[in-house]
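Down below is the structure, laid out as structure tokens.
The values are calculated or read from the model by the stated rules, or taken from the named source; none is laboratory data. From a predicted model like this one, the values you see are computed outputs, not experimental measurements. Glycine also receives a Cβ, built like all others from the backbone with ideal geometry; neighbour counts cover every protein chain displayed. Accessible surface areas use protein heavy atoms only, side chains included; no ligands, DNA or RNA. Shrake-Rupley method; radii C 1.70, N 1.55, O 1.52, S 1.80 Å.
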Amino acid sequence: MNKYLYDGTPEGLVSAIGAILESGDDPEKTVLGIRQDTLFEEGLFLRTDSAFAEALFGRLRQRAPDAVQTLWYFTMAETSELETSLLRYIALAFEHGDRVNGYLTHPDVKAVVAIARKAGRELHRMKGLLRFEQLRDGSWLARMEPDHNVIQPLARHFSRRLRAQEWFIYDARRHSAAHWNGHALSFGNLEQFSRPKLSPEERVVQQHWQTFFKTIAIPERKNPRLQQSNMPAKYWKYLTEKQGE
Amino acid sequence: MELQEKITILSGAARYDASCASSGSSREGSACGVGNTSQGGICHSWSDDGRCISLLKILLSNDCRYDCAYCVNRSSNPVPRASFTAREVVDLTMEFYRRNYIEGLFLSSAVNVSPDHTMEEMVRVAEILRNEERFGGYIHLKIIPGSSDELVRRAGLAADRISVNIELPSHESLQRLAPQKKKEAILAPMKLIGTEAGVSLVERRKSRKAPRFAPAGQSTQMIIGASPETDLQILQLSQGLYRKMNLKRVYYSAFVPVNEDNRLPVLSAPPLLREHRLYQADWLLRFYGFSPEEILSDDAPNLDESFDPKTAWALRHPEFFPVEINRADYATLLRVPGIGVVSAKRIIAARRFAPVTHEGMKKIGVVMKRAKYFITCSGRPFDKIDQQPARLRQRLLLGDGSEQKQPRQLVLPGLFA
């Protein structure tokens, strides 16, 4: 069994995988993990090499575009401990192309695809559950705390949808933000964040929405369990219609 | 009247419309406009009855001259009446859309002066949204039976989806419970929409610039349990609508008794489980290659409440089983209880690599608590299975704690809508 270590960053992970594949080791007999900096750690440390990671992405995109998509969702999940599965998944993707995503009976493929699917599902959910509020200067702000790091693809979605308005998306869990100025997207981190003042009309529209939300339900069919299973309570904090409950 | 009050009255009056899908249309937004649509649809919230909210579902007016027995807005009901102006609906849609509350607008209306009068106003809302606001989001318009062909055409050009409600599953029931509505007035616009949509598809194949007519197709809705039709009759009607009228979706709405009327049955609760079973059976018609006569027969014309319709079919057809997972074709896999469209495709993809085992079936996402009685993997059954139908019924009932007990309401994922 060969053991390798990397620095714990997504880039480090991809470049380590590239190095292992290049070395010719059998992925089924190889283990990859994060370096913990303990005294007697076993394994060979692989340095992060962005250019190398980029090159691996490029080759994989040619061979298996769907697998690159899965890999991209997988990194959004910010999961640790599945590095070895990812290594074997990518080795299989080079071997079989996009058909690899159908090999769900393979434990490593299953593990990677399941994680990626979870992140993908939350991304889709946030496309619906994100709420923008109008600020005093006329721009818009949406706040969220998703489990997965979905801000980049989410911002791209809204850059097509809400093209004509200036907006910000703030991920309060990761202190990261996206900004659309009407023409281009930018991303950054915010160390400090305080919610700016809302526009005077904002409260009125929010009340309209709350009224609609309340009256659209059929009282004879009340089903709070079904509501919660579709819209878990962890998202309610930022949902206009769930304020004051 | 305050806008707030109008919203209360006119969303309360619209809540019995089942449809809320925002799928089936992909519209790119324009650079100066607001909004686009997504092929799979997006749900934005879930109301207290657990149903998905994806559109601002609202009536333009609830001031109705008709007096249909089942309807909360019928003229003889002493309920508060309200009407929006076209501008109010447009502004509300835009304000909600910019905040990402909704995918778009679902607009229906009661009929006061005349069908054309109401339809004209509804079409105007959609046309203002498209032409003045450059709105690229989803629009679903209800067609008022009896309105002119020209208005139906304009509705189809402005909207993503249009629908004509069939209301009740038979001509006789319609006559009894909604005597002012005529079957012909419902079927004529359905036919017209089907034709126009077909023409538009042909034109668009010739030129990408040709206008799109209701790109997300047409749907309809019928009320279940207010009239005596059997499930077999209902499914046959749906099948006819899918085949002959080219409908995208038929919605079933469990009858909620909102009026006292001796023409209506007395129910303690809306028949939610029956509604759920009908949606499952409808799914079998559209995606699983079943016919209504396979699901039900004249001897047993109603769906079994204890089992989903596919399991019920499997119990009646022991000769079809067991199905060998590593050899069966797609259509055969689809007939196994617990295997859906997604898992059937996944089985076929996975067995290219290696034979699928029982363990593998779980990884693929097959509902093994149902499927295990009906399959073999490389010749091996799950365990020693007693295929005797009566005992199998019993095992499925007892072993399936989660299968029902509580009437579950179908959530309509946008995926196939």
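Look through segment B:84-95, keep the residues that are more than 7 Å from chain A (Cβ to nearest Cβ) and surrounded by fewer than 22 Cβ atoms within 10 Å (Cβ to Cβ), and return whichever of them is nearest to A:A142 (Cα to Cα).
Checked segment B:84-95; the qualifying residue nearest to A:A142 (Cα to Cα) is B:M94.
If you take the residues of segment B:1-17 that are among the small types (G, A, S) and in contact (Cβ under 8 Å) with a residue 60 or more places away in the chain, which of them is farthest from the other protein chains (Cβ to nearest Cβ)?
We begin by selecting, within segment B:1-17, every residue among the small types (G, A, S); these are B:11-14.
Applying the additional criterion that residues be in contact (Cβ under 8 Å) with a residue 60 or more places away in the chain yields B:13-14.
Working: B:A13: 9, B:A14: 7 Å.
Only one residue fits best here, namely B:A13.
Going by the conditions given, is A:D171 charged (D, E, K, R) and either without any contact (Cβ under 8 Å) to a residue 24 or more places away in the chain or touching a strand residue (DSSP E or B) at 6+ places or on another chain (Cβ under 8 Å) (or both)? Even if it seems obvious, please write down each step before you answer.
On the way: charged (D, E, K, R): yes; either without any contact (Cβ under 8 Å) to a residue 24 or more places away in the chain or touching a strand residue (DSSP E or B) at 6+ places or on another chain (Cβ under 8 Å) (or both): yes.
Considered against the rule, which asks whether it is charged (D, E, K, R) and either without any contact (Cβ under 8 Å) to a residue 24 or more places away in the chain or touching a strand residue (DSSP E or B) at 6+ places or on another chain (Cβ under 8 Å) (or both), A:D171 comes out as yes.
Given the criteria open to solvent by 50 Å² or more (accessible area, probe 1.4 Å), of a type outside the set (S, T, Y) and more than 8 Å from chain B (Cβ to nearest Cβ), does A:R163 qualify? Reasoning before the result, please.
Values: open to solvent by 50 Å² or more (accessible area, probe 1.4 Å): yes; of a type outside the set (S, T, Y): yes; more than 8 Å from chain B (Cβ to nearest Cβ): no.
Judged against the criteria, A:R163 is not a match.
If I ask for residues that are more than 14 Å from chain A (Cβ to nearest Cβ) and open to solvent by less than 20 Å² (accessible area, probe 1.4 Å), which ones from segment B:265-278 would you list?
Result: B:R277, B:L278.
Return yes when B:R27 is in contact with a Lys or Arg (Cβ under 9 Å, 6 or more places away or on another chain) and surrounded by fewer than 23 Cβ atoms within 10 Å (Cβ to Cβ) and no when it is not. Give the steps one after another, and end with the answer.
Working: in contact with a Lys or Arg (Cβ under 9 Å, 6 or more places away or on another chain): yes; surrounded by fewer than 23 Cβ atoms within 10 Å (Cβ to Cβ): yes.
Yes: the conditions hold for B:R27.
Give segment B:48-78 a look and list any residue that's in a loop (DSSP other than H, G, I, E, B), farther than 19 Å from B:F255 by Cβ and either within 10 Å of another protein chain (Cβ to nearest Cβ) or open to solvent by 30 Å² or more (accessible area, probe 1.4 Å) (or both), or say none.
B:D48, B:S54, B:D63, B:R65, B:S75, B:P78 - these are the residues of segment B:48-78 that are in a loop (DSSP other than H, G, I, E, B), farther than 19 Å from B:F255 by Cβ and either within 10 Å of another protein chain (Cβ to nearest Cβ) or open to solvent by 30 Å² or more (accessible area, probe 1.4 Å) (or both).
Against the conditions (1) modelled with pLDDT under 95; (2) surrounded by 21 or more Cβ atoms within 10 Å (Cβ to Cβ); (3) not small (G, A, S), where does A:V112 fall short? Just the number, please.
It is condition (1) that A:V112 fails.
If you go through segment B:18-46, how many residues are more than 10 Å from every other protein chain (Cβ to nearest Cβ) and not aliphatic (A, V, I, L, M)?
Within segment B:18-46, residues that are more than 10 Å from every other protein chain (Cβ to nearest Cβ) and not aliphatic (A, V, I, L, M) number 7.
Please go through segment A:221-245 and pick out each residue that is open to solvent by 50 Å² or more (accessible area, probe 1.4 Å), assigned to a loop (DSSP other than H, G, I, E, B) and more than 7 Å from chain B (Cβ to nearest Cβ).
Scanning segment A:221-245 gives A:Q243, A:G244, A:E245.
Within segment B:45-58, is there a residue that is in the same structural domain as B:G104 (by the TED database), over 21 Å from B:Y101 (Cβ atoms) and not β-branched (V, I, T)?
Applying the first criterion (in the same structural domain as B:G104 (by the TED database)) to segment B:45-58 yields B:45-58.
Checking the rest, the ones that are also over 21 Å from B:Y101 (Cβ atoms) come to none.
Looking for residues that are in the same structural domain as B:G104 (by the TED database), over 21 Å from B:Y101 (Cβ atoms) and not β-branched (V, I, T), one finds none in segment B:45-58, hence no.
What residue, of B:R98, B:R81, is of a type in the set (D, E, K, R), open to solvent by 20 Å² or more (accessible area, probe 1.4 Å), touching a residue at least 12 places away in the same chain (Cβ under 8 Å) and at the interface with chain A (Cβ under 9 Å from one of its Cβ atoms)?
Numbers: B:R81 fails: at the interface with chain A (Cβ under 9 Å from one of its Cβ atoms).
Only one candidate qualifies: B:R98.
Which of the residues spanning segment A:121-146 are of a type in the set (D, E), under 14 Å from the mean Cα position of the chain (by Cα) and surrounded by fewer than 17 Cβ atoms within 10 Å (Cβ to Cβ)?
The initial filter retains those residues of segment A:121-146 that are of a type in the set (D, E), namely A:122, A:133, A:137, A:145.
In the following step, the residues that additionally are under 14 Å from the mean Cα position of the chain (by Cα) were identified as A:122, A:145.
Once the filter is applied, which keeps residues that are of a type in the set (D, E), under 14 Å from the mean Cα position of the chain (by Cα) and surrounded by fewer than 17 Cβ atoms within 10 Å (Cβ to Cβ), segment A:121-146 yields only A:E145.
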